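Below: the structure, in structure tokens.
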Amino acid sequence: MDLKEFVRESLVEISRALQEANDTYKKERQTDQKPFLLSPGKEKEEGRGIHFDLAVTTRFEGAGGASGKFNIKVVELRAGSEAQVGKESISRISFTVTISHYIG
């Protein structure tokens, strides 16, 4: 999966999951409370923002000339298979997505 797809889908799914969890909670308890919120901010120590720590592969694709392109993909691990890196480079990247308002 491409890095941009992974980040986009993760953020959307987190937002949807919080909304669904709150809707279920409110329905089951017949209340208007929203117990599950993602706080605004970016401070990891304070539990704010969404923190990513990913392993990614970088592979150069080209025909031996100066032109070509780099692909960055999120590493997909499969049980029971051996890692095949070949000419790919695996790196770790960490970053935090700042939340601008409460989500949930």
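The values are calculated or read from the model by the stated rules, or taken from the named source; none is laboratory data. Quantities reported herein were computed from a predicted structural model and do not represent experimental measurements. Here the Cβ is made from the backbone with ideal geometry for all residues, glycine too, and neighbour counts use every protein chain on show.
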When the range 39-55 is checked residue by residue, the ones that are touching a Ser or Thr at 6+ places or on another chain (Cβ under 8 Å) and either within 12 Å of Ile14 (Cβ to Cβ) or touching a residue at least 60 places away in the same chain (Cβ under 8 Å) (or both) are Pro40, Gly49, Ile50, His51, Phe52
Any chance the range 64-74 includes a residue that's touching an Asp or Glu at 6+ places or on another chain (Cβ under 9 Å), at pLDDT below 85, surrounded by 10 or more Cβ atoms within 10 Å (Cβ to Cβ) and among the charged types (D, E, K, R)? yes
Reported set for the range 14-34 where residues are touching a residue at least 24 places away in the same chain (Cβ under 8 Å) and either exposed (fewer than 14 other Cβ atoms within 10 Å of the Cβ) or part of a loop (DSSP other than H, G, I, E, B) (or both) is Lys34
Considering the range 40-57, residues that are closer than 16 Å to Gly104 by Cβ and surrounded by 15 or more Cβ atoms within 10 Å (Cβ to Cβ), and then whichever is modelled with the lowest pLDDT, we arrive at Arg48
Per the filter on the range 86-101, residues surrounded by 11 or more Cβ atoms within 10 Å (Cβ to Cβ), outside any strand (DSSP E or B) and either in contact with a His (Cβ under 9 Å, 6 or more places away or on another chain) or at pLDDT 85 or above (or both) are Thr98
Here the residues within the range 23-35 that are modelled with pLDDT of 95 or more and under 22 Å from Thr98 (Cβ atoms) are none
